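Trainee: Provided herewith is a single structure, encoded as C-alpha cells, for subsequent inquiry.
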Amino acid sequence: MARHLFGTDGVRGRAGEFLTPELALKLARAAVARCEHERPQVLIVRDTRESGEMLESAIAAGVAAAGGDALLAGVLPTPAAPLLVRARGLQLAAVISASHNPYEDNGIKLFAADGFKLDDDAEHEIEAALDRPLTAPARIGRVRPLEGALEAYVEALHARFGGLDLSGRSVLLDCANGATFRAAPEAFRRLGADVRALAVAPDGRNINDGCGSTHIAALAEAVRSGGFDLGFAFDGDGDRVLAVDASGEVVDGDELVALAAVHLKSTGRLAGGGVAVTVMTNYGFQTAMEAAGIEVATTAVGDRYVLDELRRRGWTLGGEQSGHIIELSFAPSGDGIASALLTLEALAGRDLRERGAMRKLPQRLVNVRAADRESLREAMGSDELRAAIEREQAELAGRGRVLVRASGTEPLIRVMVEAPGEGETDAVCERLAELVSGILGAPAGA
C-alpha cells in the first residue's frame, strides 16, 4: 500500500472512504506500539462531525489492542489535547478533526507527551508499521471516559487570563457548530463578558456550514447590526480565530498577531523579542514590527512551520493570516479561544476599532491553474517569469512586495501583490498573472 498518509496537519480525508475505521485502528495501534511506556495512557478528543464517534471507537480499539488505555474526553477544541496531555502526564493524544473542512471530511492528529505534534520521523515510523503483525501485549488495554476534561480546559484558560476583567464588554461569538460550542461561551462568561453565541447547535453535519472563521460575513453583519463591542469567529476544531470590530470590519490573523506582539513586548513577555509569521503575512506587518523594534522571522505557509521556527529560536509568539495564532507560553499549539482573550488583554479596554497595531497594505491574490504538476514546475522555473518578478519587486522595493508561489495542495500558481495603493496593486498583479497564464496556456482566475 502506498503511504505518505500524514500531511502537514496529520492524516485527513473523506471519512469512511479514505479515513476508514480500519485505518484509524491501525494508526492508533502503531502509534501506541512505539511508546516506551509499559501501559500508555492515550487521550482521545474529537470535534462535532458525525464520523467522529465512529473514528473515536476505532482509535480506542487500536489503543487497547496495543496495550494502552484510551481516555475518551469527547468534544473539545484541539488545543485542549496538548494541555491535558501535559497536565495529566499522558503519553499520547489523538485529535479527531478536519478543522475548517466540511463535515464529510475528518482527520487524525497525534500529539506526544510533551504536547507537540509528532515529528516527521515518528509519523514515518507509524506509517511503516501499519501492516506489520504486532506482538500481542501482555495485557489488553481499557477504554473509559475522562471526566472533567472540559472543565480542566476552561480552568486552564481562566488561570492564564484570570486577571482579565471583561465586565461591560458585549461579545458575539461564532462557534462554527464545532468544538468550541461549549468551551468558548463559558470561558468568556467566567471573565465577566456579556456573551451571545452563534452556531452552537451542532448536529454532526453543520460544522463550518456557512459559519465560523471561513464564513465570517454573517458574524460581521450580526456584530454591526446588533451593537456588539466586537465578535470572534472560530473554526471547526477551535485552533483558529478571526475578529470583527464594532463597525463590522474583519480583523485577520496578521492584525491580531501584531496587536499581541506589541502588547507582549510592552509588558516584557515577548520571549526573544521576535515573532514568526508566514510568507503570506501582509507587508504592513513587517513595517509595523520594525517600527516597534520587534524582529520578524518568515516561514513557509503552515502552522507547523511557524511552530518549528518558534522552537528553533526560543520565541513564543507566531501565527498566520488565517487566524492560527500560537503563544507557546500558554500552549504548544494554536488556540482560538486563548488568542481571542489575548486580543482583549492587549486592547486593555480599548475599542478594537482603535487597534492601531499595523496598517495593512492593499493585497491582491490571483490563482492560475496548471494542467498538471509538471507544467507547474516548468512555469515556476521560467527565466521570463523570474525576470518579471525581479523587475516588479524592484519597483516596489521598500513599499510593497510580490510573491509568486506554487500551491502545496493544488496544481495552482498563486500570484500575490501588495502595494501602497489599490490601483498599483491590481496593475502589478494583473501583469504577472497574465504572464503566468501565457506560460501555462491557461486562464487566470481570482
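The values are calculated or read from the model by the stated rules, or taken from the named source; none is laboratory data. Keep in mind it's a predicted model, so treat the numbers as computed, not measured. Backbone-built Cβ (ideal geometry, glycine too); neighbour counts: all protein chains shown.
Trainee: When the residues of segment 215-229 are filtered to those that are surrounded by fewer than 19 Cβ atoms within 10 Å (Cβ to Cβ) and within 25 Å of SER99 (Cβ to Cβ), which remaining residue is nearest to the chain's Cα centre (by Cα)?
Mentor: Of the residues in segment 215-229, the ones surrounded by fewer than 19 Cβ atoms within 10 Å (Cβ to Cβ) are 215, 217-218, 221-222, 224-227.
In the following step, the residues that additionally are within 25 Å of SER99 (Cβ to Cβ) were identified as 215, 217-218, 221-222.
Details: HIS215: 15, ALA217: 19, ALA218: 21, GLU221: 24, ALA222: 24 Å.
Per the criteria, the residue is HIS215.
Residues are listed down the side, and each one gets a yes or a no for (1) in contact with a His (Cβ under 7 Å, 6 or more places away or on another chain); (2) within 19 Å of GLU151 (Cβ to Cβ); (3) outside the structural domain of ALA138 (by TED's automatic domain parsing); (4) assigned to a strand (DSSP E or B):
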| site | (1), (2), (3), (4) |
| --- | --- |
| ARG12 | no, no, no, yes |
| GLU17 | no, no, no, no |
| LEU23 | no, no, no, no |
| LEU27 | no, no, no, no |
| ILE44 | no, yes, no, yes |
| ALA58 | no, no, no, no |
| ALA73 | no, yes, no, yes |
| ALA94 | no, no, no, yes |
| ASN106 | no, no, no, yes |
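Trainee: List pairs: first in segment 193-220 and among the hydroxyl-bearing types (Ser, Thr, Tyr), second outside any loop (DSSP other than H, G, I, E, B), Cβ under 7 Å, 6+ apart or cross-chain?
Mentor: Qualifying pairs under 7 Å: SER213/ALA233; SER213/PHE234; SER213/VAL241; SER213/LEU242.
Trainee: Identify all residues within segment 141-188 that are among the small types (Gly, Ala, Ser), under 29 Å from TYR103 (Cα atoms) and buried (at least 17 other Cβ atoms within 10 Å of the Cβ); write none if there are none.
Mentor: Taking segment 141-188 and keeping what is among the small types (Gly, Ala, Ser), we get 141, 148-149, 152, 156, 159, 162-163, 167-168, 170, 176, 178-179, 183-184, 187.
Add one more test, that the residue is under 29 Å from TYR103 (Cα atoms), and what stays is 148-149, 152, 156, 176, 178-179, 183-184, 187.
Correct list: ALA149, ALA152, ALA156, ALA176, GLY178, ALA179, ALA183, ALA184, ALA187.
Trainee: Out of (1) charged (D, E, K, R); (2) over 21 Å from GLY323 (Cα atoms); (3) in contact with a helix residue (DSSP H, G or I) (Cβ under 9 Å, 6 or more places away or on another chain), the odd one out for ASP174 is which?
Mentor: For ASP174, the failing item is (2).
Trainee: Being under 27 Å from ALA331 (Cα atoms) and touching a Pro at 6+ places or on another chain (Cβ under 9 Å) is the requirement here; does GLY10 meet it?
Mentor: On the way: under 27 Å from ALA331 (Cα atoms): yes; touching a Pro at 6+ places or on another chain (Cβ under 9 Å): no.
No: the conditions fail for GLY10.
Trainee: Could you check segment 230-264 and list, in sequence order, the residues that are of a type in the set (Asp, Glu) and either under 19 Å from the mean Cα position of the chain (by Cα) or under 15 Å from ARG350 (Cα atoms) (or both)? Give the steps one after another, and end with the answer.
Mentor: Let us first name the residues in segment 230-264 that are of a type in the set (Asp, Glu), namely 235, 237, 239, 245, 249, 252, 254-255.
Scanning segment 230-264 gives ASP235, ASP237, ASP239, ASP245, ASP252, ASP254, GLU255.
Trainee: For segment 285-378, which fully contained strands (runs of 3 or more DSSP E) count at least 1 residues that are assigned by TED's automatic domain parsing to the domain that holds LEU396 and of a type outside the set (Gly, Ala, Ser)? Walk me through how you get there before you give the answer.
Mentor: Values: elements: 295-299, 317-319, 325-327, 363-369.
Those strands (runs of 3 or more DSSP E) span 363-369.
Trainee: Here is a list: ALA394, ALA406. Which entry is touching a Leu at 6+ places or on another chain (Cβ under 7 Å) and not assigned by TED's automatic domain parsing to the domain that holds PHE228? If you could, list the steps in order and put the result at the bottom.
Mentor: Values: ALA394 fails: touching a Leu at 6+ places or on another chain (Cβ under 7 Å).
None of the other options fit; the residue is ALA406.
Trainee: Quickly run through segment 46-55 and pick out the residues that are crowded, with 23+ Cβ neighbours inside 10 Å and either assigned to a helix (DSSP H, G or I) or at positive phi (or both).
Mentor: Result: GLY52, LEU55.
Trainee: Keeping to segment 187-205, report how many residues are over 10 Å from VAL171 (Cβ atoms) and in a strand (DSSP E or B).
Mentor: 1
Trainee: Just checking, does segment 20-35 include any residue being farther than 24 Å from GLY141 by Cβ and buried (at least 24 other Cβ atoms within 10 Å of the Cβ)? Lay out the reasoning, then the answer.
Mentor: So in segment 20-35, the residues farther than 24 Å from GLY141 by Cβ come out as none.
Taking every residue of segment 20-35 in turn, none turns out to be farther than 24 Å from GLY141 by Cβ and buried (at least 24 other Cβ atoms within 10 Å of the Cβ).
Trainee: Can you work out which of the residues in segment 403-423 that are more than 27 Å from ARG373 (Cβ to Cβ) and touching a residue at least 60 places away in the same chain (Cβ under 8 Å) is surrounded by the fewest Cβ atoms within 10 Å (Cβ to Cβ)?
Mentor: GLU422
Trainee: Can you tell me which residue is nearest to LEU191 (Cα to Cα) among those in segment 155-180 that are in contact with a Gly (Cβ under 7 Å, 6 or more places away or on another chain) and not aliphatic (A, V, I, L, M)?
Mentor: If we take residues in segment 155-180 being in contact with a Gly (Cβ under 7 Å, 6 or more places away or on another chain) and not aliphatic (A, V, I, L, M), then ASP165 is nearest to LEU191 (Cα to Cα).
This table checks each residue for (1) basic (Lys, Arg); (2) modelled with pLDDT of 95 or more; (3) assigned to a loop (DSSP other than H, G, I, E, B); (4) in the same structural domain as ALA331 (by TED's automatic domain parsing).
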site: ASP209; (1), (2), (3), (4): no, yes, yes, yes
site: LEU219; (1), (2), (3), (4): no, yes, no, yes
site: SER225; (1), (2), (3), (4): no, yes, no, yes
site: HIS263; (1), (2), (3), (4): no, yes, no, yes
site: ARG269; (1), (2), (3), (4): yes, yes, yes, yes
site: VAL277; (1), (2), (3), (4): no, yes, no, yes
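Trainee: Further question on the same structure: Which condition from (1) in contact with a Cys (Cβ under 8 Å, 6 or more places away or on another chain); (2) under 14 Å from LEU242 (Cα atoms); (3) of a type in the set (A, V, I, L, M, F, W, C) is the one that VAL200 breaks?
Mentor: Evaluating VAL200 over (1) in contact with a Cys (Cβ under 8 Å, 6 or more places away or on another chain); (2) under 14 Å from LEU242 (Cα atoms); (3) of a type in the set (A, V, I, L, M, F, W, C) leaves (2) as the failure.
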